[in-house]
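*Asks:* The structure under discussion is supplied below as structure tokens; questions concerning it will follow.
The values are calculated or read from the model by the stated rules, or taken from the named source; none is laboratory data. Please read all numbers here as calculations on a predicted model, not as lab measurements. Note that each Cβ is placed from the backbone with ideal geometry, even for glycine, and that neighbours are counted across all protein chains shown. Accessible surface is based on the protein model in full, side chains and every heavy atom, while ligands, DNA and RNA are left aside. Shrake-Rupley method; radii C 1.70, N 1.55, O 1.52, S 1.80 Å.
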Amino acid sequence: MEEAREHFRRGVELQERGLFDQAIDAYTRALSLDPAHEDAAVNLGAAWLQKGVGARAIDVLGKVLTRNPDHALALFNIAKAYLFVEDHVKALAAFERTAEFLPDDLAVIKGRAQALAALGRLVEAAETLLPHLEKLAADPDTLLRLGGQLLELQRWADAAEVFRRALNAAPSSIPALEGLIRAQLALGALDKAGTSIKRALLMAPQHPGFHLLQVELLLAEHQVEGALDHLKKALQRLPDEPALRQKMDELLRRLPVLQKKAGEARAAREGARPTARPSPYETQVYDVLDALYDGRITFPMAIHEIRDLYRKDEDDLFVCDELANLLFQARQFGEAAQLYSRLYGARPREPRYRIDLAKAMALDGDPYRARQFLADSMHELPQEPDLPLTLVEIKLLEKDFQGALQTLMQTLADFPDHPHGLFLRGYVALRLDDLAGAEAAFQRLLPLAPQDEEVAVWYGRLSILRHRPADGLAVWERFSDGLESLVEILSRVELLLAAGRAGEVKPLLQRIGDYKPRFLEDHLLFGKAFFFGGDFAGALSQLEAVLREDPDHAEALAVTALAYLGRSKPNKFWIYWQRAIESDSLPAVWLGHALAPVMQFAQAERIRVETRKLLEIAVADDADRARLTRLLQAYGG
């Protein structure tokens, strides 16, 4: 017996030193000499568990409990062994039996909470630990697990307290500080969250999670531009961090809703009069729109959900407005016009509703009625320049370029520095192939709208047509709106190709985020991205989605033709090139100019031959003939 006790003492010493194999050997020798030595058996089970062999631990400890079911230490160790092998039901039962003998033992309490959490019983797990926070003051790991559970349960105040205690235990703990900030943001304690984030960024400036929380704080304060600016700077410092890139992609998707929320919050702070009575469904509508722009639901789903809200109260102008806008984006112009008519009837002095109604009527196939309605509106609201400018846009839709120019010049005589008026002046000049006039209009406009993406895009296209792509690139270099959208990337790609700088295109395309297109424009942009990246099959797939909805979309037709040219399908190229030029020659021409420096000889020859053929047999408009002739010259024809 003395020899057995000696082996046991030796085993305890080895186990305390972490020499588990030798401890197991010592305990086994003790048991061979004294099979009834319970302490040796219990310690042997514990050593097997510490070695990571849970099944052997359960076997040894189970035999102890068969002889002595109330052995508290054996119960505790077998509970831990069950937890190790992820048999959480048996682990919980064993911890609860242990608690009958050791009700105040902190290790038993923590083990029971861990088993409950593993079974998904988070409320019980949290309630098990919360009364013992003082005892857990020196256990940051348990506090962190508890804090995470409380965040999941949305018990923000409890989570904040637990993470605060975790920070006291481990002041340099990044997870503890991150958890505290999340809880503070959820509680709306933005000042406290701001202070915590400042501490966090000083402590770990390279940790992407803290930059993401700074973005969330700025968004919570409705500082959308500030959030974008911070994220852009963080990406400059940490360009290879995927979490930051994913956040930028998410913000780009959600940007329309975020900007709308920020605008309404700003108006509320400034005491501006709301455009309609407050809606009880505002939060639900924004949730739907946020989910749509974030790609979590589809367009039909969003329309269905907001239509259901509208049915609950058809006098709710806010819901009516958002539903009309969604229907307009979904190209359901007739139903959108009906809702805009209702909005106009409710608020006849609000020019936006008149404009939206006129556009919906025109796109629904009744431009004459839209023009008449706008003419009446201009008479009733003579000081609203956006009304005649909308009339210009409808005339452009009808391809009445001279009529559009006449209305536009009359409007600019009264409102000479109106940015949208100047934009339309440049655009109409482009349509009429008056490149000098377009340049003059854009030069007046650019100082007035230095961060307007649409202005930068169309000035880039004008620069390509004028064989001065460096001018367009210079505008983008001065662009600093805090984000880099797909529109901007593709505009830069066109300008780089036109400038003969094809080697810079691939790195630019690699900055495009990974998200699914939802709107018609998204499919066009992704089609172009695939095309410029050399994935012609991917491009055609996206462009087919555009042409199913809008068979005469000139830019989609032009890129489709060029994709077929890239795939060496000359007949398909001819069909789509002809359709593109018949629909609108302008996109085909600027794309043709952009690609001229990088086209292979056979491809360039095909563009030259087919374009000359169209000039000879199909193109009558003087502006079209002039720009197609210049395109031929660019290809040596």
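*Asks:* If you scan segment 37-57, which residues turn out to be of a type in the set (A, V, I, L, M), in a helix (DSSP H, G or I) and either out of contact with any Asp or Glu (no Cβ under 9 Å at 6 or more places or on another chain) or farther than 10 Å from Ile24 by Cα (or both)?
*Replies:* Ala41, Val42, Leu44, Ala46, Leu49, Ala55, Ala57
*Asks:* Of everything in segment 297-342, what is open to solvent by 40 Å² or more (accessible area, probe 1.4 Å), charged (D, E, K, R) and part of a helix (DSSP H, G or I)? Give them in sequence order.
*Replies:* Scanning segment 297-342 gives Glu305, Arg307, Asp308, Arg311, Lys312, Glu335, Arg342.
*Asks:* Let me ask something additional. Among the residues of segment 576-595, how many are open to solvent by 80 Å² or more (accessible area, probe 1.4 Å) and either modelled with pLDDT of 95 or more or farther than 26 Å from Leu435 by Cα (or both)?
*Replies:* Qualifying residue count, segment 576-595: 1.
*Asks:* Considering segment 538-575 alone, what residues qualify as being closer than 30 Å to Gln332 by Cβ, surrounded by fewer than 16 Cβ atoms within 10 Å (Cβ to Cβ) and small (Gly, Ala, Ser)?
*Replies:* Ser541
*Asks:* To continue, here is another question. Residues in segment 105-127: is at least one touching a residue at least 24 places away in the same chain (Cβ under 8 Å), assigned to a loop (DSSP other than H, G, I, E, B) and within 20 Å of His207 (Cβ to Cβ)?
*Replies:* No, every residue in segment 105-127 fails to be touching a residue at least 24 places away in the same chain (Cβ under 8 Å), assigned to a loop (DSSP other than H, G, I, E, B) and within 20 Å of His207 (Cβ to Cβ).
*Asks:* Additional query: Does Val487 qualify as being surrounded by 19 or more Cβ atoms within 10 Å (Cβ to Cβ) and assigned to a helix (DSSP H, G or I)?
*Replies:* no
*Asks:* Report whether or not Leu218 is in contact (Cβ under 8 Å) with a residue 60 or more places away in the chain and either touching a Cys at 6+ places or on another chain (Cβ under 9 Å) or not charged (D, E, K, R) (or both).
*Replies:* No, not satisfied.
*Asks:* From the list Val546, Val559, Val589, which residue is assigned to a helix (DSSP H, G or I), touching a residue at least 60 places away in the same chain (Cβ under 8 Å) and among the hydrophobic types (A, V, I, L, M, F, W, C)?
*Replies:* Just one listed residue meets the conditions, Val589.
*Asks:* Looking at Arg518, Arg461, which one is modelled with pLDDT of 90 or more and in contact with a helix residue (DSSP H, G or I) (Cβ under 9 Å, 6 or more places away or on another chain)?
*Replies:* Result: Arg461 is the single residue among Arg518, Arg461 that is modelled with pLDDT of 90 or more and in contact with a helix residue (DSSP H, G or I) (Cβ under 9 Å, 6 or more places away or on another chain).
*Asks:* Can I ask one more? Being open to solvent by 20 Å² or more (accessible area, probe 1.4 Å), under 34 Å from the mean Cα position of the chain (by Cα) and among the acidic types (Asp, Glu) narrows it down to one of Glu380, Glu350, so name that one.
*Replies:* Selected residue: Glu350, the only one of Glu380, Glu350 that is open to solvent by 20 Å² or more (accessible area, probe 1.4 Å), under 34 Å from the mean Cα position of the chain (by Cα) and among the acidic types (Asp, Glu).
*Asks:* Something else: Within segment 8-18, identify whether any single residue is of a type in the set (Gly, Ala, Ser), modelled with pLDDT of 85 or more, surrounded by fewer than 20 Cβ atoms within 10 Å (Cβ to Cβ) and at positive phi, and answer yes or no.
*Replies:* No, segment 8-18 contains no residue that is of a type in the set (Gly, Ala, Ser), modelled with pLDDT of 85 or more, surrounded by fewer than 20 Cβ atoms within 10 Å (Cβ to Cβ) and at positive phi.
*Asks:* Please enumerate the residues belonging to segment 610-621 that are under 14 Å from Val589 (Cα atoms) and either open to solvent by 80 Å² or more (accessible area, probe 1.4 Å) or of a type outside the set (Val, Ile, Thr) (or both).
*Replies:* Glu610, Arg612, Leu614, Leu615
*Asks:* Tell me which residues, restricted to segment 622-635, are touching a residue at least 12 places away in the same chain (Cβ under 8 Å) and either part of a helix (DSSP H, G or I) or open to solvent by 70 Å² or more (accessible area, probe 1.4 Å) (or both).
*Replies:* Asp622, Ala623, Asp624, Ala626, Arg627, Leu628, Thr629, Arg630, Leu631, Leu632, Ala634
*Asks:* Let me ask something else. Give the residues of segment 123-138 that are within 22 Å of His88 (Cβ to Cβ) and open to solvent by less than 30 Å² (accessible area, probe 1.4 Å), sorted by residue number.
*Replies:* Ala125, Ala126, Thr128, Leu129, Leu136
*Asks:* Which residues, taken from segment 395-419, are farther than 20 Å from Ala449 by Cα and not hydrophobic (A, V, I, L, M, F, W, C)?
*Replies:* Selection gives Lys395, Glu398, Lys399, Asp400, Gln402, Gly403, Gln406, Thr407, Gln410.
*Asks:* Related question: Is it true that some residue in segment 221-232 is outside any helix (DSSP H, G or I) and of a type outside the set (Asp, Glu)?
*Replies:* Yes.
*Asks:* Just wondering, is there one or more residues in segment 509-527 that are acidic (Asp, Glu), in a loop (DSSP other than H, G, I, E, B) and either without any contact (Cβ under 8 Å) to a residue 60 or more places away in the chain or crowded, with 16+ Cβ neighbours inside 10 Å (or both)?
*Replies:* Among the residues of segment 509-527, not one is acidic (Asp, Glu), in a loop (DSSP other than H, G, I, E, B) and either without any contact (Cβ under 8 Å) to a residue 60 or more places away in the chain or crowded, with 16+ Cβ neighbours inside 10 Å (or both), which makes the answer no.
*Asks:* Which residues, counting only those in segment 394-414, are polar (S, T, N, Q) and open to solvent by less than 90 Å² (accessible area, probe 1.4 Å)?
*Replies:* Correct list: Thr407, Thr411.
*Asks:* Do we find a residue being at pLDDT below 90, open to solvent by 80 Å² or more (accessible area, probe 1.4 Å) and assigned to a loop (DSSP other than H, G, I, E, B) anywhere in segment 72-87?
*Replies:* Checked against the condition, which is being at pLDDT below 90, open to solvent by 80 Å² or more (accessible area, probe 1.4 Å) and assigned to a loop (DSSP other than H, G, I, E, B), segment 72-87 yields no hits at all.
*Asks:* Could you tell me which residue of segment 422-445 is nearest to Leu389 (Cα to Cα), considering only residues that are touching a Phe, Trp or Tyr at 6+ places or on another chain (Cβ under 8 Å) and open to solvent by 30 Å² or more (accessible area, probe 1.4 Å)?
*Replies:* Tyr427
*Asks:* Taking the conditions exactly as written (among the hydrophobic types (A, V, I, L, M, F, W, C), under 15 Å from Arg511 (Cα atoms) and buried (at least 20 other Cβ atoms within 10 Å of the Cβ)), does Leu252 satisfy them or not?
*Replies:* It is false that Leu252 is among the hydrophobic types (A, V, I, L, M, F, W, C), under 15 Å from Arg511 (Cα atoms) and buried (at least 20 other Cβ atoms within 10 Å of the Cβ).
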